[in-house]
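**Q** Would you mind keeping the following structure in view while I ask a few things?
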Amino acid sequence: RDVLFLGHTTEHSTVHPDRIRWSDGGDPESWTSTNYFDLSTKDGDIVMGLAPIQGLAVAFKRKSIWVGAYVGAPDYYTFEQVVPDKGTVAPFAIKSINNYILFASYDGIYIFDGSPSPRKISGKKVSNYFLSGLNEEEAYQIIAYVHPFKSEIWFCSQKGAFPTWIYNYETDDW
């Protein structure tokens, strides 16, 4: 549908921490005022990032995952919470690759394929050395990087005994 999605927007000096907004189809510089969807506003959580998967838009909050689908003209999308108890720690800790999304959560690294149960791919070692003891500010700085020539995603942090962990998504190994 060739639209640009934004999350956690500020509009007319008002912050909308759980809003997803999208551009008009085929024109990322044109924004219709009604092209938005507010995710649950009663949970106190915020949109941390967005990623594409299988033609859908996936919104990550800190404690939940929402999937958005196009429902019809003119350029309207709706979002549904599919994972109520897992989200991401940082906006740059989310990467799409091969119809999957990898993301860092507070208790490990996960693969999301659109189903309600993301698969944890980090074992005890990765979770303990990489994520254990991070405060919210440190966790917010985690970055995921897709290697351009290898089948690898690198998760990098500024803290910990081992600040970079490399996951090979072809061999499903660290």
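**Q** What ranking, highest mean first, results for peptides 14-20, 119-125 when packing means the other Cβ atoms within 10 Å averaged over each residue?
**A** Most protected by this proxy first, the peptides run 14-20, 119-125.
**Q** How many Å² of accessible area per residue for region 26-140, probe 1.4 Å?
**A** 51
**Q** Taking each pair of different alpha-carbon atoms in the chain once, compute 1/r for the pair, average those values, and report the inverse of that mean as the Kirkwood hydrodynamic radius in Å to one decimal. It would help to have the intermediate numbers written out before the result.
**A** Working: mean 1/r = 0.0596 Å⁻¹.
Kirkwood hydrodynamic radius for the chain: 16.8 Å.
**Q** Mind checking which of Q158, T32, I53 is farthest towards the positive end of the chain's charge dipole, using Cβ charges of +1 (Lys, Arg) and -1 (Asp, Glu) about the Cα centre?
**A** Q158
**Q** Summarise the accessible area of region 36-174 (1.4 Å probe, protein heavy atoms) by the percent that is carbon and sulfur. Don't jump to the answer; show the numbers that get you there.
**A** Values: 3800 of 7310 Å².
About 52 percent, which is the carbon plus sulfur part of the accessible surface.
The values are calculated or read from the model by the stated rules, or taken from the named source; none is laboratory data. The structure displayed is predicted, hence computed values, not measured ones. Note: ideal-geometry Cβ built from the backbone for every residue, glycine included; neighbour counts use all protein chains shown. Only protein heavy atoms, including side chains, enter the accessible area calculation; ligands, DNA and RNA are left aside. Shrake-Rupley method; radii C 1.70, N 1.55, O 1.52, S 1.80 Å.
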